[in-house]
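For reference, the structure is listed below as structure tokens.
The values are calculated or read from the model by the stated rules, or taken from the named source; none is laboratory data. The model shown is predicted, which means the values in this text are computed figures rather than measured ones. Virtual Cβ from ideal backbone geometry, glycine too; neighbours counted across all protein chains shown.
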Amino acid sequence: MVEKTEKIWMDGNFVDWDDARVHVLTHTLHYGLGVFEGIRCYKTPKGSAIFRLKEHVRRLFDSAHIFQLDIPFSMDDIERAIVDCVKVNGLQECYIRPFVYIGYGAMGVYPKGNPINVSISAWAWGSYLGEDGIKNGIRVKTSSFIRNHVNSNMSRGKVSGYYVNSQLAKREAIGLGFDEALLLDTEGYISEGAGENVFIVRNGVIKTTPLTSILDGITRDSVMKIALDEKMSLKEERFTRDELYISNEVFFTGTAAEITPIREVDSRTIGAGKPGIVTKRIQEIFFDSVHGLVDKYSHWLTYI
Ligand code: PPE
């Protein structure tokens, strides 16, 4: 169960958690076109801070733009509302979920004139793939489900409906005893996890999937900046599942998943079967950054 807080922001006002309701004919509930973000707020020595707030709000508006959803608030309004949502709920560390959805009005796939509603919720959410996963790595299964084709779903948008594909993959992986699913793209190359981007490290070179079939992850971007600043060798390049099997290290990145090492893929041990040196170094810098301990990346933080 999600950990209940006090208030949820809905269309400009805070309402009590239990009163944050919608009509059953809310368009997005039926047809899946809603756009959202996942953002984390962390404790730092100078109080709580939201990680890369501006980039998340920018991506929310980009998602809305791609799908022609006219958000009736400015980016500044939403940024302020996100900060306020953490504040009014007295949360020190939390996950924040802004959601833009098509409201109640017409039914059918052309909802002309329906309101565009916005909500912002925040709650305490621990590690997505488990504390043990972050520390020791997880076991992953290549999915029999393929990531959405770029011309059927546009992956630069973070859209509710896309997560049907993620749920199919994740259920399959869990059903088979794995922790998470890894999806291929329509050409058979590695795409991303059900809710994470993926990186491999082989012979000292870090590779991550190029921005075609994947979400342009903000954690992915942070990891790429960290790797370049650390003078590590990094390529955005397609790779196949067998290249992944023979990598020295593999890890997932995401706001919810943070940086989660992968120790096994399709019953093949990755490297030494435990988080490798590159993964651990990047994890350390990332976690120090979100907790306000790295001056170089202090511009990534918005203090509450
Ligand atoms: N790919 C997908 C498909 C994805 O859902 C996410 C985030 C990412 C990559 C990483 O993006 P970023 O968070 O900007 O680094 N997934 C969100 C939702 C997870 C959920 O189950 O809910 C998240 O991590 O917040």
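Quick one: how many residues across region 149-196 are of a type in the set (Asp, Glu) and surrounded by fewer than 16 Cβ atoms within 10 Å (Cβ to Cβ)?
Residues meeting the conditions: 1.
Yes/no per residue for (1) within 16 Å of the ligand (Cβ to nearest atom); (2) among the acidic types (Asp, Glu); (3) at positive phi; (4) buried (at least 21 other Cβ atoms within 10 Å of the Cβ):
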residue	(1), (2), (3), (4)
Glu243	no, yes, no, no
Glu249	no, yes, no, yes
Thr260	yes, no, no, yes
Ala272	no, no, no, no
Ile282	yes, no, no, yes
Val294	no, no, no, no
Tyr297	yes, no, no, no
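Those residues that are hydrophobic (A, V, I, L, M, F, W, C) and within 11 Å of the ligand (Cβ to nearest atom), I need them from region 149-162; list them, please. Break it down stepwise before answering.
First, pick out the residues of region 149-162 that are hydrophobic (A, V, I, L, M, F, W, C): 150, 154, 159.
Result: Val159, single match.
Give the residue, chosen from Phe99, Phe14, that is surrounded by fewer than 19 Cβ atoms within 10 Å (Cβ to Cβ), within 16 Å of the chain's Cα centre (by Cα), farther than 30 Å from Val294 by Cβ and at pLDDT 95 or above.
Values: Phe14 fails: within 16 Å of the chain's Cα centre (by Cα).
Of Phe99, Phe14, the one residue that is surrounded by fewer than 19 Cβ atoms within 10 Å (Cβ to Cβ), within 16 Å of the chain's Cα centre (by Cα), farther than 30 Å from Val294 by Cβ and at pLDDT 95 or above is Phe99.
The criterion of at least 1 residues that are of a type in the set (Asp, Glu) is met, among strands (runs of 3 or more DSSP E) falling completely within region 185-304, by 190-193, 233-236, 249-254, 258-265. Checking each residue in region 126-148 for being farther than 30 Å from Arg281 by Cβ, away from the ligand (no atom under 13 Å from the Cβ) and either without any contact (Cβ under 8 Å) to a residue 40 or more places away in the chain or exposed (fewer than 14 other Cβ atoms within 10 Å of the Cβ) (or both) picks out only Ser144.
Is region 98-111 home to any residue that is farther than 20 Å from Leu25 by Cβ, of a type outside the set (S, T, N, Q) and assigned to a strand (DSSP E or B)? Among the residues of region 98-111, at least one is farther than 20 Å from Leu25 by Cβ, of a type outside the set (S, T, N, Q) and assigned to a strand (DSSP E or B), which makes the answer yes.
Within region 32-56, being more than 13 Å from the ligand (Cβ to nearest atom), farther than 17 Å from Asp288 by Cα and of a type in the set (A, V, I, L, M, F, W, C) holds for one residue alone: Leu33.
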